[in-house]
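Worksheet: one structure, shown below.
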Amino acid sequence: MGKMRTQSAPWRAAAVLASVLLVGGVAACGNSDTGGGGTKDDGKITMGFSQVGAESGWRTANTISIKEAATAAGIELKFDDAQQKQENQIKAIRNYIQQKVDVIAFSPVVESGWDTVLKEAKDAGIPVILTDRSVDSADKSLYKTFLGSDFVKEGKLAGEWLVEQKKTASGPVNIVELQGSTGAAPANDRKKGFAEAIAANPNLKVIASQTGDFTRAGGKQVMEQFLKANPKIDVLFAHNDDMGLGALEAITAAGKVPGKDITIITIDAVKDGMQALADGKFNFIAECSPLLGPQLMDLAKKVKAGQEVPPRIETEETTFTTEQAKEALPNRKY
Ligand code: GYE
């Protein structure tokens with residue numbers, strides 16, 4: 001379960017030794033047929049990666065992180081953008097199986113419906129690493145590990161901050177919620193964590209909750225509807241920065257001041273979100289780090305070498321208020 005940013009030196013030495021032994025001893029197990037280069041295994045790893053899409057600033061930063069880390073690690077990356085469609089991801093994974101890549105990694109757009117294709121990968125002897133989002137498969141042997149954030153915790157942190165802010169509120173506090181893509185782990189879990197936290201104060205009520213599909217356009221459009229249907233909105237909880245940024249336009253167009261008339265809480269902490277927070281348009285962000293590339297490549301090497309990896313690796317993250325955003329912004333990489 002450990003948070004695993006870095007490895008201690010003895011572990012690293014052991015890992016190197018183990019991979020040397022494995023490569024020398026059981027190279028025939030790998031899918032590293034290079035077409036007769038003279039050696040059994042040149043140590044090259046090919047990874048097939050199926051990305052969700054390009055729906056948000058988070059996703060863009062995540063894609064860059066994965067591509068850069070693959071290059072830095074000397075891993076050949078086959079990359080596919082599924083345009084937020086599960087069927088495209090399944091197609092890409094089947095292609096990678098056919099191409100006999102060494103490792104398949106993907107960020108599942110929704111949680112359900114992966115068992116068949118994961119079983120196909122397993123039967124072909126190709127290890128799978130889940131990154132960013134997980135699946136709800138009961139059979140945990142279908143994938144080696146899941147590297148990503150604790151989305152329930154992010155929702156909880158957002159809710160706890162609100163509970164603290166509104167602890168002296170004497171009347172109802174009306175909250176609207178912009179959910180992420182329907183069926184996606186971060187949408188399900190952030191909703192759950194937030195609901196659990198705000199249950200501490202019965203004045204806090206979610207009066208409307210709808211998906212904005214994690215996009216700016218979706219956030220804007222749904223917020224317009226929320227504003228039309230609800231004369232009193234005190235708080236917006238958006239499952240990511242992009243939907244919050246889209247909602248800003250709708251709020252301003254409705255003659256309200258974001259961050260003042262409506263308290264805005266989001267998740268991610270990408271640059272544009274942090275700028276909105278520093279400007280006082282957002283009020284609080286729970287961070288979700290997209291910089292998963294280096295850890296993913298490290299895991300791919302270990303899995304390829306036949307080493308055990310922890311079944312769950314959590315990303316380390318924090319939260320930001322306006323003051324903290326102002327401080328962090330100059331050094332923000334994404
Ligand atoms: O929060 C959102 C993106 O899966 C954690 O997907 C990711 C989410 C992220 O579209 O911005």
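Here, each number is a calculation from the coordinates, and none is a lab measurement. Owing to the predicted nature of the structure, the values given are computational and were not obtained by experimental measurement. Using ideal geometry, Cβ is built from the backbone for each residue, glycine included, and neighbour counts are taken over all protein chains shown.
Summary of values
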quantity	calculated
About the Cα centre, charge dipole magnitude for region 151-288 (Lys/Arg +1, Asp/Glu -1 at Cβ), debye	380
Rh (Kirkwood; distinct C-alpha pairs) - region 88-193, Å	15.8
Among the listed pairs Lys91/Lys144; Lys44/Lys271; Lys271/Lys301, those beyond 25 Å (Cα-Cα)	Lys44/Lys271; Lys271/Lys301
Spin-label proximity, Ser112 to region 140-165 - amide N less than 19 Å from point 7 Å beyond Cα toward beta carbon	140
Ordering of 123-134, 179-190 by burial proxy (mean other Cβ atoms within 10 Å per residue, highest first)	179-190, 123-134
Label-point separation in nm, Thr182 to Lys44, each point 7 Å along Cα→Cβ	4.4
Using distinct alpha-carbon pairs, which all enter the 1/r mean, Kirkwood radius of region 151-288 in Å	14.2
DSSP beta bridges in the chain [antiparallel fraction, %, rounded to 5]	5
Potential lengthening between Lys228 and Glu87 on full extension [0.36 nm per residue; Cα-Cα distance subtracted]	47.2 nm
Estimated [θ] at 222 nm from DSSP helical runs (n ≥ 4, -39500 (n - 2.57)) normalised by residues in the chain, nearest 500	-13000 deg cm²/dmol
Cα-centre dipole for the chain with unit charges at Cβ (Lys and Arg positive, Asp and Glu negative), debye to 20	100
Rh by Kirkwood over Cα pairs, then Stokes-Einstein D for the chain at 1.306 mPa s and 10 °C, µm²/s	75
Computed lengthening from Ile64 to Gln99, 0.36 nm per intervening residue step minus Cα-Cα distance	10.2 nm
Among Asp139, Asp81, Asp241: highest mean-square fluctuation, GNM of the chain, C-alpha pairs under 10 Å	Asp139
Relative contact order (%) - criterion: Cα under 8 Å, at least six apart; region: the chain	19
Burial order of peptide ranges 61-73, 286-298 (average beta-carbon count within 10 Å, highest first)	286-298, 61-73
Pair Ala253, Arg332: separation of 7 Å Cα→Cβ label points (nm)	2.4
Region 264-287-region 87-151 distance, computed between alpha-carbon centres (Å)	32
